[in-house]
1. May I ask which of A:LYS158/B:LYS108; A:LYS119/B:LYS198; A:LYS7/B:LYS7; A:LYS108/A:LYS198 have a Cα-Cα span longer than 25 Å here?
2. Quick check on chain B: of the DSSP beta bridges with both residues there, what percent are antiparallel, nearest 5%?
3. Taking the Cα atoms only, what angle lies between the long axis of helix A:43-52 and the longest principal axis of chain A, rounded to 10 degrees?
4. For chain B, find the longest principal axis of its Cα atoms and tell me its angle to the long axis of helix B:65-76, 0 to 90°, nearest 10.
5. When chain A is modelled as a GNM with alpha-carbon springs shorter than 10 Å, which of A:PRO59, A:PRO128, A:PRO182 fluctuates the most?
6. Calculate the radius of gyration of the Cα atoms of region B:44-87 to one decimal place, then report Dmax, the largest Cα-Cα distance, as a whole number, both in Å.
7. Can you give the % of DSSP beta bridges in region B:51-149 that are antiparallel, to the nearest 5?
8. Any chance you could tell me what percent of the C-alpha pair distances in region B:1-133 go past 20 Å?
Protein chains: 2
Amino acid sequence: MALIPDKTIGRLSLYRRILGRLLAERRTHVHSHDLAALSGGTAAQVRRDFMTVGYTGSPARGYDVQGLVKIIDEMLDGPDVQPIGLVGVGNLGRAVLTFFSGRRPNLKIVAAFDDDPDKVGRLIGGCPVHWVNEVERVVREARIRIGVVAVPAEVAQKVADLLVAGGVRGILNFAPVALRVPRNVYVEDLDVTMSMEKVAYYARMGSAAGQEERRDEG
Amino acid sequence: MALIPDKTIGRLSLYRRILGRLLAERRTHVHSHDLAALSGGTAAQVRRDFMTVGYTGSPARGYDVQGLVKIIDEMLDGPDVQPIGLVGVGNLGRAVLTFFSGRRPNLKIVAAFDDDPDKVGRLIGGCPVHWVNEVERVVREARIRIGVVAVPAEVAQKVADLLVAGGVRGILNFAPVALRVPRNVYVEDLDVTMSMEKVAYYARMGSAAGQEERRDEG
DNA sequence: ATCGCGTTGTGAAATAAATCACAGTGTGAT
DNA sequence: ATCACACTGTGATTTATTTCACAACGCGAT
């Protein structure tokens with residue numbers, strides 16, 4: 001159990017949410033093509049993904065839903081809940097904060113930071129807002145390993161540096177700049193503007209070229 | 001000028017913003033390795049991207065910044081501003097709304113929709129909020145070709161159907177479900193939970209494996 | 001029991017994307 | 001005027017990811 005492609009990690013997260021819904025419907029088994037339809041992929045890809053994580057189904061019944069959830073949990077979640085720190089309580093930061101409160105039990109935003117005196121000291125989405133110059137201290141003391149950068153592009157690098165100094169190992173970056181971080185820190189960029197411009201491009205060009213659209217409708 | 005890889009489209013959007021900053025600094029030329037450093041890619045990739053869009057620089061001075069911006073504009077933007085419709089004025093929807101107001105001149109969110117009586121009729125981020133059952137009519141009348149889905153997963157498919165019925169050709173989807181749309185509609189998914197879980201995974205595993213981190217420091 | 005069908009697991013092939021590496025070129029220094 | 005250097009443009013190569021395609025399997029029907 002070693003090298004799992006980056007793309008597969010993403011899909012596992014997706015599968016898990018789908019499987020959660022199936023579980024709520026009391027489904028005990030799924031076939032690869034069911035998950036393919038639900039996740040927007042292909043059956044072969046679903047099977048390949050489960051092969052790479054070493055989960056095996058039965059040709060007759062398909063995959064056991066609970067078993068799948070269990071192995072994905074083991075894969076993606078750590079043994080205990082991972083605390084997250086979020087910097088930038090603007091519109092976007094607040095959206096992420098409220099969106100995440102209580103959503104994934106294993107991931108919890110435990111500290112937020114901002115430089116606006118009106119926000120510091122308050123509780124937003126059940127999460128205390130600290131002064132931004134406390135990032136390093138709080139991150140270190142709370143053993144936060146995951147940071148969210150939701151500040152304007154101009155200050156994103158500075159914030160990332162603070163997070164890294166505090167000991168963060170992974171950053172979810174909403175700012176449209178390439179963060180420079182040490183090699184052992186992982187950065188995932190989520191660039192809304194870029195995604196919007198991609199959509200605009202394909203909407204204009206007639207999306208025939210777009211690779212994203214595998215689904216069709218009756 | 002025909003087939004441009006999906007990934008390249010995304011990077012062009014990124015380059016354009018970087019070039020905008022350079023322009024503001026009165027820089028007239030850039031080298032591929034400058035853009036590589038600024039965008040978090042490699043010099044070879046930058047050159048390849050410009051090759052695929054058919055822009056050519058000079059070995060001595062590099063690429064002309066204005067020329068690049070111009071060709072990227074031609075590539076990504078249409079001749080006139082493209083109106084956008086956004087459904088779901090929750091935390092996320094509001095964040096996108098305010099974030100986009102006046103940011104990209106060629107993309108303008110002209111209509112928002114919600115089912116909350118407290119929101120309908122108001123102006124949020126300079127954008128009127130309509131009743132959600134007017135999506136199809138308003139989209140058609142305003143000739144909106146781009147839709148943003150920022151509603152809970154349970155109703156995302158329904159909303160997508162309305163947008164498509166109104167004539168939308170591309171959708172930016174924040175809901176964590178695979179939307180089923182006709183083949184000629186492009187869907188770009190932006191899944192915050194998935195991205196967060198990827199970060200959590202690599203933060204836990206020691207990101208040695210992560211592909212994202214090309215940048216280093218010090 | 002036995003057969004047939006639909007599904008899994010997976011090597012092999014295809015496709016997509018990134019990187020290498022180097023010839024060609026123009027500029028500034030001498 | 002000539003030279004050396006740094007950079008571009010790009011064919012070739014490598015690497016990553018997806019898809020194909022088929023053997024193996026086990027259940028349900030007969």
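Computed from the coordinates by the stated procedures, all read-outs in this text should not be read as laboratory data. Note that the structure is predicted; figures quoted are calculated from it, not measured. Every residue, glycine among them, receives a Cβ derived from its backbone with ideal geometry; neighbour counts consider all protein chains shown.
1. Beyond 25 Å between Cα atoms: A:LYS158/B:LYS108; A:LYS119/B:LYS198; A:LYS108/A:LYS198.
2. For chain B, the DSSP antiparallel bridge percentage is about 20.
3. For A:43-52 against chain A, the angle is about 60 degrees.
4. 40 degrees
5. Looking only at A:PRO59, A:PRO128, A:PRO182, the biggest GNM fluctuation is shown by A:PRO59.
6. Considering region B:44-87 through its Cα atoms, Rg and Dmax are 14.0, 49 Å.
7. The answer is about 20 percent antiparallel.
8. Considering region B:1-133, 55 percent of its Cα-Cα pairs are separated by more than 20 Å.
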